[in-house]
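The values are calculated or read from the model by the stated rules, or taken from the named source; none is laboratory data. Being a predicted model, the structure only gives us computed values, none of them experimental. Reconstructed Cβ throughout: ideal geometry from the backbone, glycine too, with neighbour counts over all protein chains shown. Accessible surface is based on the protein model in full, side chains and every heavy atom, while ligands, DNA and RNA are left aside. Shrake-Rupley method; radii C 1.70, N 1.55, O 1.52, S 1.80 Å.
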Amino acid sequence: MADRCLLYYITDRSQFPGDEGARRHALLAKAAEAARAGVDYIQLREKDLSARELETLARQVVAAVRENSPSTRLLINSRTDVALAAGADGVHLRGDDLSPRQVRAAVRLSAHRPLTTDHFLVAASCHTAADVFHAESEAADFAVFAPVFEKKDASASERKNTAPTGIAALREACRAKIPVLALGGVNVENAASCLNAGAAGIAAIRLFQENKIEDVVRTLRAL
């Protein structure tokens with residue numbers, strides 16, 4: 001079990017009520033709340049936005065996070081170019097993205113630099129232990145292993161296409177030397193089983209968006 005549970009809030013503004021303006025406002029408020037509560041990482045995961053729209057929103061989230069925490073790190077889903085242009089702390093790679101080593105090479109050549117750290121974070125989405133070991137070999141900073149449990153309100157097609165991996169698979173993945181965070185159906189009731197399996201922390205969307213983040217952080221860090 002990790003000495004300190006790492007926490008990773010992944011955004012999804014589509015879950016907030018209201019029009020687009022209201023949803024973006026709610027996302028910014030939630031990112032600020034997560035930073036104040038001591039969440040370690042935030043991933044801006046608004047995949048429907050164009051690069052220009054995403055960069056604009058990313059700059060706003062960067063400002064909100066910086067204003068509320070000196071230590072919370074912001075990663076952008078998939079788009080290394082947007083992360084660098086917006087001054088984010090890193091990128092979260094999907095399985096079909098560039099490799100972590102390719103990203104680091106691109107960062108070295110870029111005119112942009114992260115605003116608060118010399119080290120550009122690279123996280124990797126993983127669905128098998130082999131994925132995690134590969135991410136480790138590619139020098140990823142940490143891996144997010146999913147889905148561990150069945151997602152809340154998952155549709156029939158989602159249940160068919162993304163069957164939960166379970167605790168045994170998570171335990172195998174956690175043999176890697178990089179931190180592995182558990183994602184997918186994780187809540188305050190089952191989080192302890194993930195940490196006992198070797199997970200360094202918890203990643204989630206709804207767990208943070210649907211609850212007071214300060215309470216979630218307090219509960220998870222007490223496990």
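Identify the residues of region 187-223 with backbone N under 15 Å of a label point that sits 7 angstrom from the Cα of R4 along the Cα-to-Cβ direction, or state none. Flagged as within label range: 200-202, 217-218, 220-223.
Could you tell me which of rounded, prolate or oblate describes region 123-223, using a ≥ b ≥ c as the square roots of the eigenvalues of the alpha-carbon gyration tensor, with rounded for a/c under 1.5 and, failing that, prolate when a/b is larger than b/c and oblate otherwise? It is oblate, given that a/c is not under 1.5 and a/b is not larger than b/c.
Roughly speaking, what % of Cα-Cα pairs in region 170-210 are separated by over 14 Å, rounded to a whole number? In whole percent, the share of Cα-Cα pairs in region 170-210 beyond 14 Å is 40. Label-to-label distance for D81 and N196 is 4.7 nm, based on points extended 7 Å past Cα in the beta-carbon direction. Summing charges over all other residues whose Cβ lies under 9 Å from the Cβ of Q15, with Lys and Arg as +1 and Asp and Glu as -1, gives +1. Remark: accessible surface ordering of T56, T72 (largest first) is T56, T72, probe radius 1.4 Å. When only the Cβ of Lys, Arg, Asp and Glu is charged (+1, +1, -1, -1), the dipole of the chain relative to its Cα centre reaches about 180 debye.
Other residues with beta-carbon under 14 Å from the beta-carbon of C5 carry, at +1 per Lys or Arg and -1 per Asp or Glu, a net charge of +1. Solvent-accessible area of the chain (1.4 angstrom probe, protein heavy atoms only): carbon and sulfur portion equals 50 percent.
Our estimate of slack between A222 and R175, defined as 0.36 nm per intervening residue step minus the Cα-Cα distance, is 14.6 nm. In terms of accessible area, using a 1.4 Å probe and ignoring ligands and nucleic acids, K177, K30, K212 rank largest first as K177, K212, K30. Here I167 sits with roughly 40 square angstrom of accessible surface, probe radius 1.4 Å. Calculated [222 nm] ellipticity per residue, helices only, for the chain: -12000 deg cm²/dmol; basis is -39500 (n - 2.57) per DSSP H run with n ≥ 4, divided by all residues, nearest 500.
Going down the table (K152/K212; K30/K152; K47/K152; K151/K177), which pairs top 24 Å between alpha carbons? Over 24 Å Cα-Cα: K151/K177. Of L223, L121, the order by accessible heavy-atom surface (1.4 Å probe, DNA, RNA and ligands excluded), from most exposed downward, is L223, L121. 3J(HN,Hα) along region 176-187, derived from phi through the Karplus expression 6.51 cos²θ - 1.76 cosθ + 1.60 where θ = phi - 60°, amounts to 5, 8, 8, x, 10, 9, 8, 9, x, x, 7, 9 Hz, with x in place of Gly and Pro.
Other residues whose C-beta falls under 11 angstrom from the C-beta of V217 contribute a net charge of 0, scoring Lys and Arg +1 and Asp and Glu -1.
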